[in-house]
Structures are given as C-alpha cells and as structure tokens.
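Shown next, in structure tokens, is the structure this report addresses.
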4 protein chains.
Amino acid sequence: MEDIDIAFLTEDKVKADILIEGLPGIGQVGKLVVEHMIEELGAEQIVDIYSIYLPPQVLIEPGGVARMPSNEIYLWKGEEISIAFLVGDFQSTSNEGHYLLTDAYLDIAEELGVKRVYTLGGFGVGHLVEEPRVLGAVNDERLIEEVTEAGGVMTGDEPGGIVGAAGLLLGLSAERNMEGICLMGETSGYLVDPKSAREVLLVLARLVGIEIDPTRLTEHATEMEKIIARYEEMERGKEDESLNYIG
Amino acid sequence: MEDIDIAFLTEDKVKADILIEGLPGIGQVGKLVVEHMIEELGAEQIVDIYSIYLPPQVLIEPGGVARMPSNEIYLWKGEEISIAFLVGDFQSTSNEGHYLLTDAYLDIAEELGVKRVYTLGGFGVGHLVEEPRVLGAVNDERLIEEVTEAGGVMTGDEPGGIVGAAGLLLGLSAERNMEGICLMGETSGYLVDPKSAREVLLVLARLVGIEIDPTRLTEHATEMEKIIARYEEMERGKEDESLNYIG
Amino acid sequence: MEDIDIAFLTEDKVKADILIEGLPGIGQVGKLVVEHMIEELGAEQIVDIYSIYLPPQVLIEPGGVARMPSNEIYLWKGEEISIAFLVGDFQSTSNEGHYLLTDAYLDIAEELGVKRVYTLGGFGVGHLVEEPRVLGAVNDERLIEEVTEAGGVMTGDEPGGIVGAAGLLLGLSAERNMEGICLMGETSGYLVDPKSAREVLLVLARLVGIEIDPTRLTEHATEMEKIIARYEEMERGKEDESLNYIG
Amino acid sequence: MEDIDIAFLTEDKVKADILIEGLPGIGQVGKLVVEHMIEELGAEQIVDIYSIYLPPQVLIEPGGVARMPSNEIYLWKGEEISIAFLVGDFQSTSNEGHYLLTDAYLDIAEELGVKRVYTLGGFGVGHLVEEPRVLGAVNDERLIEEVTEAGGVMTGDEPGGIVGAAGLLLGLSAERNMEGICLMGETSGYLVDPKSAREVLLVLARLVGIEIDPTRLTEHATEMEKIIARYEEMERGKEDESLNYIG
C-alpha cells in the first residue's frame, strides 16, 4: 500500500485546461459548487485517490455497502475548454499529509496539462450573511483584474491565510507555473451554505467562461433559508415562553 | 525492528477460507465473540503481530510476567471450512498506523488464501438495549441478501462510517477481491457487552455455517445483567435517600 | 516535493562569517531584531526554505496575492564581516520537524562557511518589564565573557531550557564546531515587544562589532507604550465606572 | 542528522554483564537510583544518545552553557560484574519514538554483551506511602523467585501495564534472549521520591549482588520528609486560621 494511491480509471489520454477544487471545508461551500457543476455538466470520474492521510474509516452508502474514503478527479470536455474537478470525502488528518496530498493533486494536474487551478471554499464570518460576497486570492498579481471583473472582491486588507488544500493548491501550483485563483464565499461557518455556494458559482462561471444553471443550488438555498427561519421562530418561541414563565 | 513485525509460529503450510476479526472496540463486542469462538473451537495461534503503532508499553500477566502488546492470528480447521481469527490487545495509536496495520493483516489473509473477511464490533447507541439488533455492512452489494437472511439488519439509512480496523478491513479487502462483511451488535457503549456479543455470534454462525455453543457468552451476559440491576437498585436507593432527606 | 526544500536564489558563491536567527517566538523579539537589521543594512535574500513541517496554508499578502509560508536567509556583506540572517513566517508544527529544519538551517550555514551562530528570542516573565535585561546562553563556556562584556546577563541560575529553533541551533551548532550565542530579551510574553528587541539589538551590535541605528525600533517601542498606556487608562476607567455603579 | 544518533565516547572494547535503566518517570524513582549508583560506584560515561524523538530544545546548565538533551550510557567494571547504566534527560515525545529509542538502547546492550536488563521506576498510588513496597515484573517466569527472595513483590494481581522505556525494555529484551526485571517503588506520584528510590536500591543491590551505600539517598529522603512535614504544618495552619475566621 502506497501512502498516497492514485488510480486512473481510464486508459484514454485525458487532458484538461483547468482544475477546479471543491474538497470539504467551511460551510461545504467549495464542495457544493463542484458537485453541482459535475452534475450539471455531466462530468465523468477519471481518477480515484486513496491515502493513509485520510481518516482511518470506511463510509457506509445507503443500503449498507461500505467504501473507502477517497478524493476523486472528474473530467468534462467542453467545446472550448476541458475541466478537471477535484472533489471528495475528506481533507488530510495531519499537517504533513496536507502538503503531500496537495503535491499529489498537482502531479495529476500536471499530467493532465492543467494551466490554471481554481480552489473554492467558504470564508467564515461568524454570523448569518444576507448577501455573501465572493472573496478572491490569487497566486500571481496579473490575475487580480480578472477576478474583480468577474465580481470577486480581493482579500488582503489584513494579514490572513488560507488553510488546507484550497490554500496549498494556490501556493504550490505557482511553483509549477500554473495560475491559481481561490474564491471564497462568505458564510456563517455554522451551516452548510448553498446560498454562498451559488454566489461562488456565479463568479466562477464568469471566470471560466461557461454557463451553468444555478437553479438547483438556488432551490437548495431556499430550503436552507426555510429551515433557518423555522429554527429562529422556535428560538423566539422559547424566549416568549421563558418571558411568560418569569412574568 | 520493523514498523510492523509479523512472526509466523508454525512452519506448516497454513490455509484459511475466511478471516474473522475481533479487535478491541466499542463494548468489546468483537473481541468477546472471537475469543469465545477461539476457545469453543480450540483454534491455535499461528501468527504474532508486533508494531510501533501499538501503545508503547508492556502488559503484565497475572503473576507478574510482562509481555509485549500484540495482535494475533489463530487458525481452526473444520471439515468444511478453515477459519483464521484476528484478535489482540490494541488498535493503532495513530491514523496512519490504522491503515498500515490493516494492510499488514490483509497481507497475511492473502497469504492464507482467505476469500472472505468478517469484521465484528459494537454499535454504540448511548443507552442500554434490551434486544440488541445486529447491524450489517458489506463491501459488495451481492452480500446483502446473505446478511439479512442470517438475521442481520443492513445499516445505511443515514450517512455513517465504521472507524478503525473493522472498517478499514472491510474497505481495503475489496481492493484485494475479498468479500467483506461487518457485523455490529447494538450496545450502550458504556460497558463490556456479552449480550450484544451473543447476538453477533448467532448471526455470524449462521453466515459461516458452523455451530458454536453460546452458553458461556449467555452466562457472562446474565452476570452482567445482575451487576447492572444491582447498580440500578443502588442508584434508586440513593434517590430515595435524597427524597427522605428533602422530605 | 522534498520534506524540506532549500532554494538558493543566487548562483554567486556566497559566504558569511556569522548567522543571526530571528524566527517567530515569544514577543516576536528575535524577528523584530533581525527584520530591523535586514532593513537597516539592506541585506539581500539568498535562500528560500519551504517544508511540510511548516503549517499547511498559504499567506495572503495585502492586495490578495497568496504565497507559501517559508523561512529565508538574507546576506549582508560589510567590510569587516559578512552576515547571514535567518527569518521567516513560522517555526515547525511538529517536534521532529524542529530538529529536521534546524539541521537544514545548519547545512546552509556550513555551506556559507559560518563560524558563529547568534539566536535571538524573548524570555517571557509574565508581567510588563520596565527595563528588560538581555539574557544570554552559549554553547561553549569560552563565550561567556564576551556576552557579559557586551551587556548580556548569563542565564543558568535555575534549571531551564530554550525550546524551538533558537535552542536547537545553539545545541546542534556545537556538534559542527560552530560557536553559538543565544540572546533573549525579557518580555511580558503577551505582546509584540519592540522595546525588548531594542535591548537585544544593542547587545548584539556590540558582540558583532557593527553599528545599527535603533531609531525605528525605539519609535516602534514608543508607539507600543502609548497603546499600552491608553489600554491601561481604559481599564482604570472601567474600574472607576464599576466603582461608581456600586457606589 | 540521524533520527537516533549513538556516539561511543571510547574506542576501548567495552563489555557489560547487565544494563540498569533509570530514565525520568514517576517520582523520578528510577533516575534517582541510577544516578546514585553511578556516583557511588564512580561509573564512567561511554555513550551519548541524541534523537529527534526527544523534546526539541536545549538545556541550560548553571552558568549559562547550553547542551542538547541526551540519554547516556555509563559503565562500571567491578571484580565480579560489569554494569552499564542508562540514564538521561527525557523519554520520547511520541509513541513510535518510544519503540525506536528502546530498540536503539537494546542494540547498544547487545553490542556490550548484556545478558540481563533491570528497569527501574515509580509506581504511583496517589497518596503518600509510609513504607513503600518494591513491585516487580519480569520477562520470564523463571526470574520471579529471584525477585521475591530479594524483597520484591510481584505485580500482576490485576491487569496492568508499564508504559515507556521501563516497560518496552522489559518486553523487547525478551526477543533478544535477555532476561528482564522491572522494579517499581511505590510512590505518591506527586513528588520526587528518594525514599521510594532507596527501597528500590536495596532490592536491586541484593539482586545484582553488590554493595551500595544508600546514605545519601537516605539523607535526601530525610530532607524531603522535612519539606513535606513543614508543608503539612502550613496546611494545618491554614485550616486553623479558617476555623478561627469562621468561629
């Protein structure tokens, strides 16, 4: 068993112009965007990545069939652009593993001929956000204008960092002469956030130059808002009760 | 010293059709089942496994003799089936170690010619269970029917995972073309649970097609129930006292 | 990707007589001193050090450009002495990484021909210090006199240790026959402390035999004192209010 | 730099019949015994052991000279027996490091021709002990009689373990066909305990068949008892005061 095991599922010579990463993270924002795109575009899986740096467990699918946790690469060939997507179950459980897994992702990207990497995530602000902005970070200043023209807001007003695969892919892709853009949707940090994901999707689609129907994300966001509203009503109910009780 | 040291105790050419794992875990359910089977069948130890991924200590046997913590393989040859059992002192102390140890267990299984792996464990529910169900998970959907016919209930209604050797053996055996079935007895999670172990044993025996007398597990379960009853009585006694005191 | 990746940025044959380390630590004392010296002297960067033992993240520069965390070597050639400086973003995230990174720093030092290593840091005392002393430790008793003549106070009255790169560089340089001197400015341990850094700079400059204008550190220290004074006033204000409230 | 670096300080061909380990641990019991023996017998250091598994720091000696943390082997040649002693600053900081360091200690022991290993430690009981017993554990049941005849009490009435070097040396020496005896002095676990160390020394000296003057340990124990008595008096004083205050 290798520390990181990369299994190509196809023998075709596969190529991609860009890689879009959406591994689990704050508000599952990146994961929601990439899973939405894979489904809307009908991208197909081409790589399975297993590793001792992922949690030591199996995942049980509905019905009771177990499978190893893995991260995966999907491919979609459009007329003007080919896109590889990186999604999956987990990020690394160790600091060193984050570096080693990201390096493996970039080995694959290089093999696919990827010239630009997009990494997606949530930016936790600690409270519900009515109109989430999409914050951007890049690995080359020449990319800033592109991001802001697509509706992104550059971060960097105060010192900060981006932890995990979304950050390291940005940093380590530069050393391989790939362009790197990170888009982070503002989100509370407490909840899965399809609303934030929708905003990221809109900026990303403009940057990539493809059209993706956001309807299902919008629907998902509407559902979440109903759940939140119901929850807030319950909380208010409790407060009223406790007021009655005191009064 | 190897990171994982596998010592065969016999020079005979040993073969096994199936491997049954019962390493320490929730309610010690798996361990109780496998230790019971080893004793009832008179299986003999054929392998010792030492590793730097096990806790850094020795264990003191009654009388004061120390021994290294180890996991072990036992073998029983029946007329129709040969069974290897994996039991032992500990699971890995690190995430990576879980993967590397499980891989070593499967190397041995492959060498023995094992075609199917059973992994046993407890499924913690957080309260005492009157009639513990035996939950099943498999690594190939063709195995589902067998499990349910033997009395197991397939898991998978909600997302979940199986952590540690019981999970990883299920997942990693699939890559080696071995069938994998995990049986988990419902248990509180607070106590060693021979009652849950007994239920797992009954389902397992049907699946394997052998007869194992569960009497000693039943007796052990009866003792445990007495201990629990006495403890609950004590607790009620305390409540009564405190009522008296208040009253 | 190497576990530790050392990239020389120049092809010139570079030499240095001494190495001065100022990685992040208590009160950022060492970092403040070395960054001040690099700027005052106009030292130039000659080495970039990346490693899987640094935190798994990128850092976002003002404007939104991300870069990998790294530690760096700068070089300044004076008429009488050439100085290499070790500064950077982080220390190791793991115990073993501390050893391996320090070993790599010393490989570079040896290649540069370094004969003496100065390591700088803060010595946390848990309260604000009016006149911070500069405590010294050495890796050879013949260095003690030099330190005390320059105004340092030898530590060692009670058992103690120096953790991280500042300590290990002192210890491991001895095995390579380099002299090692550690200077630690007393500091509260709660705040970035340019005042303590200024004192360390003065002792260090005497030891190295160069002149460095401390004005900017002094200004920085004056600002910090104003901030602290304002904060203490606010705290007193709060106390007065609460007295009023009670009264 | 090696993960574990073993430096012999002599070029003589050195041999030892037994190894006595006293690394830091509960109540520093083992360390006190071995340091006492080294001093009384005038044993000389023959090996330095450095490792990335020890804490990443230097230790400051009185006067201000730093040295790397290390563990050390000392040698004493008597007329009838040669003894190697293992003492030092720290145990491993990681689980895996405990195994790897112990393996390195036993490599040295094997090179010295050691036939038996004694490991010493404290056995924490959670309260002050008037007459500490010396508990024994062995790696071969044939050694039990020797231990009990020397005044040791075999452990093993209830399941237990011995963690760290004292335990692993016992377990791993068996695989190298060395005899192993662990002696643990009962101790509170809160304080350095020379009284417990004295009892361990007496049993050990009988086992080894040498005479060691325990006077200095006895004096150290008397001092500690005075400190404890003074502390208890102070505590009683506080109680009296608070009684006065209430009354």
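The values are calculated or read from the model by the stated rules, or taken from the named source; none is laboratory data. Remember, predicted model here, so these are calculated numbers, not experimental data. Using ideal geometry, Cβ is built from the backbone for each residue, glycine included, and neighbour counts are taken over all protein chains shown.
Does residue A:205 satisfy being part of a helix (DSSP H, G or I), surrounded by fewer than 19 Cβ atoms within 10 Å (Cβ to Cβ) and of a type in the set (A, V, I, L, M)? Judged against the criteria, residue A:205 is a match. Give me the residue from region A:20-66 that is surrounded by fewer than 23 Cβ atoms within 10 Å (Cβ to Cβ) and among the charged types (D, E, K, R) and, out of that set, farthest from residue B:95 (Cα to Cα). Going through the qualifying residues, I end up with A:40. Counting the residues of region B:12-32 that are modelled with pLDDT under 95 and of a type in the set (Asp, Glu) gives 1. Note on region B:98-141: residues that are surrounded by 15 or more Cβ atoms within 10 Å (Cβ to Cβ), within 21 Å of residue B:175 (Cα to Cα) and small (Gly, Ala, Ser) total 4.
Restricted to region A:161-177, and to residues that are touching a helix residue (DSSP H, G or I) at 6+ places or on another chain (Cβ under 7 Å) and over 14 Å from residue C:64 (Cα atoms), which residue is surrounded by the fewest Cβ atoms within 10 Å (Cβ to Cβ)? Among those residues, the one meeting the criterion is A:176. Of note, residue D:80 satisfies the criterion of being more than 14 Å from chain B (Cβ to nearest Cβ) and not aliphatic (A, V, I, L, M). Of the residues making up region C:96-147, those that are under 17 Å from the mean Cα position of the chain (by Cα), among the aliphatic types (A, V, I, L, M) and more than 26 Å from residue C:206 (Cα to Cα) number 1. Of all residues being touching a Phe, Trp or Tyr at 6+ places or on another chain (Cβ under 8 Å), more than 24 Å from residue B:99 (Cα to Cα) and not in a strand (DSSP E or B) in region A:38-62, which is nearest to the other protein chains (Cβ to nearest Cβ)? Just the residue, please. The residue in question is A:38. For region B:126-145, give me each residue that is over 23 Å from residue B:191 (Cα atoms) and acidic (Asp, Glu). Answer for region B:126-145, where residues must be over 23 Å from residue B:191 (Cα atoms) and acidic (Asp, Glu): B:140, B:141, B:145. Of all residues being in contact with a Gly (Cβ under 8 Å, 6 or more places away or on another chain) and more than 7 Å from chain B (Cβ to nearest Cβ) in region D:166-177, which is farthest from residue D:105 (Cα to Cα)? Just the residue, please. The extreme case among them is D:174. Filtering region B:94-101 for residues that are modelled with pLDDT under 95, in a loop (DSSP other than H, G, I, E, B) and within 12 Å of chain A (Cβ to nearest Cβ) leaves an empty set.
No other residue among D:79, D:72, D:61 is acidic (Asp, Glu) and farther than 18 Å from residue D:37 by Cα apart from D:61. The numbered conditions (1) in a loop (DSSP other than H, G, I, E, B); (2) among the β-branched types (Val, Ile, Thr); (3) more than 28 Å from residue D:198 (Cα to Cα) are all true for residue D:114 except (3).
Check whether at least one residue in region C:176-187 is farther than 23 Å from residue D:49 by Cα, touching a residue at least 40 places away in the same chain (Cβ under 8 Å) and more than 17 Å from the chain's Cα centre (by Cα), and report yes or no.
Of the residues in region C:176-187, the ones farther than 23 Å from residue D:49 by Cα are C:181-187.
From the residues that got through so far, the ones that are touching a residue at least 40 places away in the same chain (Cβ under 8 Å) too are C:181-187.
From the residues that got through so far, the ones that are more than 17 Å from the chain's Cα centre (by Cα) too are none.
No, region C:176-187 contains no residue that is farther than 23 Å from residue D:49 by Cα, touching a residue at least 40 places away in the same chain (Cβ under 8 Å) and more than 17 Å from the chain's Cα centre (by Cα).
Is there a residue being touching a Phe, Trp or Tyr at 6+ places or on another chain (Cβ under 9 Å), within 14 Å of chain A (Cβ to nearest Cβ) and buried (at least 17 other Cβ atoms within 10 Å of the Cβ) anywhere in region B:142-158?
Step one: filter region B:142-158 for residues touching a Phe, Trp or Tyr at 6+ places or on another chain (Cβ under 9 Å), giving B:155.
Still in the running and within 14 Å of chain A (Cβ to nearest Cβ): B:155.
Filter again for buried (at least 17 other Cβ atoms within 10 Å of the Cβ), leaving B:155.
Yes, region B:142-158 contains at least one residue that is touching a Phe, Trp or Tyr at 6+ places or on another chain (Cβ under 9 Å), within 14 Å of chain A (Cβ to nearest Cβ) and buried (at least 17 other Cβ atoms within 10 Å of the Cβ).
Here region A:188-202 is the region considered, the condition is being part of a loop (DSSP other than H, G, I, E, B), of a type outside the set (A, V, I, L, M, F, W, C) and more than 12 Å from the chain's Cα centre (by Cα), and the residue that is surrounded by the most Cβ atoms within 10 Å (Cβ to Cβ) is A:188.
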